[in-house]
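Notes to accompany the following structure.
Derivation of every value follows stated rules applied to the coordinates shown; laboratory data play no part. Since this is a predicted model, take the numbers as computed values, not measurements. FYI the Cβ positions are ideal-geometry reconstructions off the backbone, even for glycines, and counts take in every protein chain you see.
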Amino acid sequence: MAGATVLDIAGGRPGADPTSAPPMVAVRNVTKRFRTRARSGEPDVMVALDRVSMDIDEGELVSLLGASGCGKTTLLRILAGLVKHDEGSVVVQGTTVREPRRDLCMVFQNFGLLPWRTVIANVAFPLELDRMGRAEREEVAARYIETVGLKGFERHYPHELSGGMQQRVGIARALTRKPLVLLMDEPFAALDAQTRESLQEDFLRIWKDLRTTVIFVTHSIDEALVMSDRVMIFTPRPGRLRRTIESPFGPDRVDRDVRALPDFARCRQEIRQMLREEPQ
């Protein structure tokens, strides 16, 4: 791009020490194909992801950004062990991911709450599946309900909550298992703009306290810049990792409104241009 840039662009982790601890998440040459049918009705193959590689360090919050259909959610599901890839490898904390794991938790755009259960019963549900005793699981659930700002709503039902509050319940539910990696698939996309910004800010404060490794799928450039240590930009299908952008705002973004900073608009415009350019 012409002109000065405020973005630090790199293919890997800038300044990484090759002798340091291995990454929390290591993705190597992951390819995923889906069987489809051509217009003629003949069998066809659609390549969703093509040789995607990335490293994510412990405690990082990384966003996956790109056009619809570029494979971001597919990659998230592969990381969660919900979808099998055709080639490559996915390793989390030194162990290859081959199936769903309790320490890899997802938060979906659809809140996915059980309508007949109260807030505390929804949040405690994963611990119930783990056969934890009722008193202990409710104690853990209550702690995370308070963490996401819903103390006092433990006995409410989902239909009594706003969309933003329901998503907080979903986040609390995922956190109860203290996941190594929290996988978030456009969790705020269905919310109004004001609620979305509020949840972004609140979630950043939670992340700062817990230091959970987070991989966050979004279509929003603003959201990616506000939330992330790094933004990983994907090409249109087949999805390839085109650029990795280091946040120019650093950890200070948690405690200030980066949207009001002069560099924010410039960063947003540069990323918009990247997304509109044809990949080389």
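One table, with the values for the structure above:
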read-out: Candidates T195, T213, T36: whichever shows maximal mean-square fluctuation once the chain is modelled as a Gaussian network with Cα springs under 10 Å; value: T36
read-out: Charge tally in the Cβ shell below 11 Å around F216, where Lys, Arg are +1 and Asp, Glu are -1, F216 excluded; value: -3
read-out: Sequence ranges 124-131, 106-113, ranked by mean other-Cβ count within 10 angstrom, highest first; value: 106-113, 124-131
read-out: Sequence-distant residues sharing a close amide H with L49 (under 5 Å, placed H); value: K32, G239
read-out: Ranking of Y157, Y144 by count of other Cβ atoms within 10 Å, fewest first; value: Y157, Y144
read-out: Under 5 Å, built H, 5+ apart or other chain: amide partners of V181; value: C105
read-out: Label-point gap, in nm, between M46 and D257 - each point 7 angstrom along Cα→Cβ; value: 4.1
read-out: Order of V83, V231 - criterion: other Cβ atoms within 10 Å of each residue's Cβ, fewest first; value: V83, V231
read-out: Candidate lysines for bridging to K32, where Cα separation is under 22 Å - those fewer than 8 sequence places away on the same chain excluded; value: K72, K84
read-out: Using θ = phi - 60° and Karplus 6.51 cos²θ - 1.76 cosθ + 1.60, couplings along region 120-125 (whole Hz; Gly, Pro as x); value: 5, 6, 5, 5, 7, 4
read-out: Antiparallel DSSP beta bridges within the chain, percent to nearest 5; value: 55
